[in-house]
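Quick notes on the structure that follows.
The values are calculated or read from the model by the stated rules, or taken from the named source; none is laboratory data. In this text the structure is predicted, and so the values were computed from the model without any measurement. Cβ: placed from backbone, ideal geometry, glycine included. Neighbour counts: every protein chain shown.
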Amino acid sequence: MKTPAASGLTRFSVSLPTSLAENLDLMVLQKGFESRSNAIAEMVRDRLVEHHEQNSSREIAGTITLVYDHHKRNLQEILTNIQHDHHERIISSMHVHLDHDNCLEVLVVRGKPREIRSIADNLIAAKGIKHGKLTITTTGKDT
Ligand code: NI
């Protein structure tokens, strides 16, 4: 539920896993945000910029970062299949064995924002991915 206020601010409640909330508060302190709300507002703005990129038909470049445990059943195979399905958009990849269990993969992608977002969503949604993130940047043609 949200409550519009005269101040132009909207208050709403969010439920987070405790450890996530603790880490958020730690980051708020470390980065010197005025409040938890300010920190969250900045993160939301950042994601909205990315979201609006999707409506553009201009080609973008980006990186997809994935962290996962390679022992997770079928995960490696699923990730490889998705990447082969989009070989024309995934122009480079790097795999780092972080420790005995964990792998870090960085894929460099290029294409229409919608296509890139869809590939990233498919990969990040694979069961067993511990963290995944798409970073969108420009191809440099229009800067
Ligand atoms: Ni590995």
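Evaluating residue 44 against the criteria (1) of a type outside the set (S, T, N, Q); (2) buried (at least 17 other Cβ atoms within 10 Å of the Cβ); (3) within 30 Å of residue 11 (Cα to Cα) leaves one unmet condition, (2). Name the residues in the range 99-129 that are exposed (fewer than 13 other Cβ atoms within 10 Å of the Cβ) and within 16 Å of the ligand (Cβ to nearest atom), would you? Passing the criteria: 99, 100, 101. Listed by first and then second residue, the pairs with beta-carbon distance under 8 Å, at least 6 apart or on different chains, first residue in the range 29-42 and of a type in the set (Phe, Trp, Tyr), second assigned to a helix (DSSP H, G or I) and exposed (fewer than 13 other Cβ atoms within 10 Å of the Cβ), are 33/42. Scanning the range 99-143 for residues that are in a helix (DSSP H, G or I), of a type in the set (A, V, I, L, M, F, W, C) and more than 17 Å from residue 53 (Cβ to Cβ) yields one hit, 123. Hey, residue 125 hits all of (1) over 30 Å from residue 9 (Cα atoms); (2) aliphatic (A, V, I, L, M); (3) more than 12 Å from the chain's Cα centre (by Cα) but one; which does it fall short on? Unmet condition: (3). Just to be sure, is residue 48 farther than 22 Å from residue 114 by Cβ and out of contact with any Asp or Glu (no Cβ under 7 Å at 6 or more places or on another chain)? For residue 48, the condition - farther than 22 Å from residue 114 by Cβ and out of contact with any Asp or Glu (no Cβ under 7 Å at 6 or more places or on another chain) - is not met. Residues that are part of a loop (DSSP other than H, G, I, E, B) and among the hydroxyl-bearing types (Ser, Thr, Tyr) were ranked within the range 55-97; the one that is farthest from the ligand (Cβ to nearest atom) is 57. Taking the range 33-56 as the range and being in contact with a Lys or Arg (Cβ under 8 Å, 6 or more places away or on another chain) and modelled with pLDDT of 80 or more as the test, only 39 passes.
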